Every structure is written in structure tokens, then in C-alpha cells.
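Asks: The structure's right below; bear with me while I get my questions together.
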Amino acid sequence: MKLLSLCMGFCIVGNVFAAEQNETLKTIHARKSVRQYIDRQVTKDQLNVLVKAGMAAPTAGDKRPWSFVVIDDRKKLDALAEVLPYGKMLKSAPAAIVVCGNPDKFFPGVESAFWIQDCSAATENILLAVESMGLGAVWIGVYPTDSKIKGVQFVLGIPEKEVPLNVLSIGYPAGMEKPKDKFNEKQIHWNKW
């Protein structure tokens, strides 16, 4: 009976984990970069759920160095598309979230760079939540390019000390993009290189 209850959520068949039985793994493998959206608004409640998912990410020393700017204003989205060379999809996206690092919450010295890992983990949580909610998103890199950082800060009135790591363009997918199988056994090393 114990084996049966364990297999309700996931199973190891042969030596292969049955990912299709696990909702979390299904979401991870279904995630894709979505750049084309249908004309349907993303609600404030949905955007709040996404930011909450971001804040559930792991963080070095529990510093939580992140800040989020949530955008659903058409003029702001269009302006962001103008300052981000790879952000043209923002012109059709109904929403976006900017993940920023707050230096007041960074570790001192060389460990201050941990904010990038923390904010990246928050970003991935948001991307997975997006997928699980039937939405689509794409990560648009901002940091470390100075012109992109300043452009995003200018458009959104972000204080100079706040560092935008990325912009997540969010909407209901038009169904064009499909997930990619990126698994490559040659990139795995067991116990040594």
C-alpha cells in the first residue's frame, strides 16, 4: 500500500523517474519562452500571485534582495519595448514584471553578487508560476548592460540604486512557441569531470 501511495505523485520505473506523473515536473518541462500573446488582459490578482511566487525563492542568508515593478500600463510597456532591443514583444504583452536587486539588502564585499543568484531564482519561480497558470512569459535580460539598466530605470522611475536584472513579458500565449527538450547527457559528469 505504501508503494502505491508513493507512486500516486511520482514513480521510478526501471531507473527512470516518471515525470509525467508529477505536476511540478510537468510544469518545468512545459515551460517555454513566449513572445506572442493574444489580446486578453492579465489581472492584478494573477500578477500578485506571480510576485508572491517570486518571493518564495531561496535567498542567500535570507537577505531577500529583490524588489519588483509590476506593469500593466500600455504606455509603459510600449516605452520599455523602445529601450530594450530584445523587448519588442512588450508591445503586444498585456503585462510585465521587472525583477530588481536592492543594494541595501546585499551582502557586503565580494558576496554582494549573490543578489544576482537570488533574483534569478525569484525570476525562475515566476516563470514556472506563469506556465502553471496557463500564461506565457519570456525573460528579457537587462543587467549588466548599462544602457538597458538606465533605460528601464528611466521609463519606470526606478531609483538609481535599484538594479533591474530583467523584465518578464507576460500574457496569454498565442500558441506559437513550444517547449524545447534541452537535456544533453554529455553535459553531465558523475563524481568527477
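Each reported figure results from applying straightforward, stated rules to the coordinates on display, with no laboratory input. The structure presented is a predicted model; accordingly, all values stated were derived computationally and were not measured. Glycine gets a Cβ as well: all are built from the backbone with ideal geometry, and neighbour counts include every protein chain shown.
Asks: Placing +1 on the Cβ of each Lys and Arg and -1 on the Cβ of each Asp and Glu in the chain, which of Leu90, Thr123, Val142 has its Cα farthest towards the positive end of the resulting dipole?
Replies: So the residue we want is Leu90.
Asks: Lys and Arg at +1, Asp and Glu at -1: add these up for the other residues within a Cβ distance under 12 Å of Gly136 and post the number. Walk me through the numbers before you get to the answer.
Replies: On the way: positive: Arg31, Lys32, Arg35, Arg40, Lys178; negative: Glu131, Glu177.
Counting the neighbours of Gly136, the net charge comes to +3.
Asks: Right, next: Identify which of Leu156, Leu25, Leu50 has the largest mean-square fluctuation in a Gaussian network model of the chain, with springs joining Cα atoms closer than 10 Å.
Replies: Comparing Leu156, Leu25, Leu50 in the GNM, the peak value goes to Leu25.
Asks: Can you give the angle from 0 to 90° between the axis of helix 44-55 and the longest principal axis of the chain, with both taken from C-alpha atoms, to the nearest 10?
Replies: 70
Asks: Which ³J(HN,Hα) values, rounded to whole Hz and listed in residue order, are derived for the range 144-151 from phi using the Karplus coefficients 6.51, -1.76 and 1.60 in 6.51 cos²θ - 1.76 cosθ + 1.60 with θ = phi - 60°, glycine and proline given as x?
Replies: x, 6, 4, 5, 5, 4, 5, x
Asks: For the chain, what is the calculated [θ] at 222 nm in deg cm²/dmol (nearest 500), taking -39500 (n - 2.57) for each run of four or more DSSP H residues and dividing by its residue count? Walk me through the intermediate numbers first.
Replies: Working: 6 runs with 66 residues, N = 193.
My calculation for the chain gives -10500 deg cm²/dmol from helical runs alone.
Asks: Taking springs between alpha-carbon atoms closer than 10 angstrom, which of Ala129, Ala96, Ala81 fluctuates most in the Gaussian network model of the chain?
Replies: Between Ala129, Ala96, Ala81, it is Ala81 that shows the largest mean-square fluctuation.
Asks: Take the range 132-193, drop everything but the C-alpha atoms, weight them equally and run the Debye formula without solvent; then report log10 I(q)/I(0) at 0.13, 0.18, 0.30 Å⁻¹ to two decimals.
Replies: -0.63, -0.81, -1.22
Asks: Could you tell me what percent of the DSSP beta bridges with both partners in the chain are antiparallel, to the nearest 5?
Replies: Bridges in the chain are about 95 percent antiparallel.
Asks: Hey, what angle do you get for helix 74-83 against the long axis of the chain, alpha-carbon based, 0 to 90 degrees rounded to 10?
Replies: Tilt relative to the chain: about 90 degrees.
Asks: While we're here: Determine how many Å³ per residue the convex hull of the Cα atoms of the chain encloses.
Replies: Details: hull volume 34.0 nm³, N = 193.
Dividing the Cα hull volume of the chain by its residue count gives 176 Å³.
Asks: Grab the beta carbon distance between Gln46 and Asp73, set R0 = 22 Å, and tell me the FRET efficiency rounded to 0.05.
Replies: Working: r = 16 Å, r/R0 = 0.72.
After rounding to 0.05, the efficiency reads 0.85.
Asks: Continuing with the same structure: Residue by residue through the range 127-140, which ³J(HN,Hα) values in whole Hz follow from phi under the Karplus form 6.51 cos²θ - 1.76 cosθ + 1.60 (θ = phi - 60°), with glycine and proline marked x?
Replies: 4, 5, 5, 3, 4, 5, 9, x, 9, x, 8, 9, 7, 10
Asks: Contour minus end-to-end for Glu20 and Lys105, with contour as 0.36 nm per residue of separation and end-to-end as the Cα-Cα distance? Before the final figure, lay out the partial values.
Replies: Working: separation 85, 0.36 × 85 = 30.60 nm, distance 3.92 nm.
The Glu20-Lys105 span can extend by a further 26.7 nm.
Asks: Can you give the charge dipole size of the range 33-174 about its Cα centre, rounded to the nearest 20 debye, using +1 on the beta carbon of Lys and Arg and -1 on the beta carbon of Asp and Glu? Intermediate values should be presented prior to the final figure.
Replies: On the way: 15 positive and 15 negative charges, 59 e Å.
Taking the Cα centre of the range 33-174 as origin, the dipole is about 280 debye.
Asks: Out of Phe154, Phe183, Phe114, any idea which swings most in a Gaussian network model of the chain, alpha carbons joined below 10 Å?
Replies: Phe183
Asks: Any idea what the relative contact order of the chain is, in percent, if you count C-alpha pairs under 8 Å spaced at least 6 apart?
Replies: Numbers: 311 pairs, mean separation 56.2, N = 193.
Relative contact order comes out at 29 percent.
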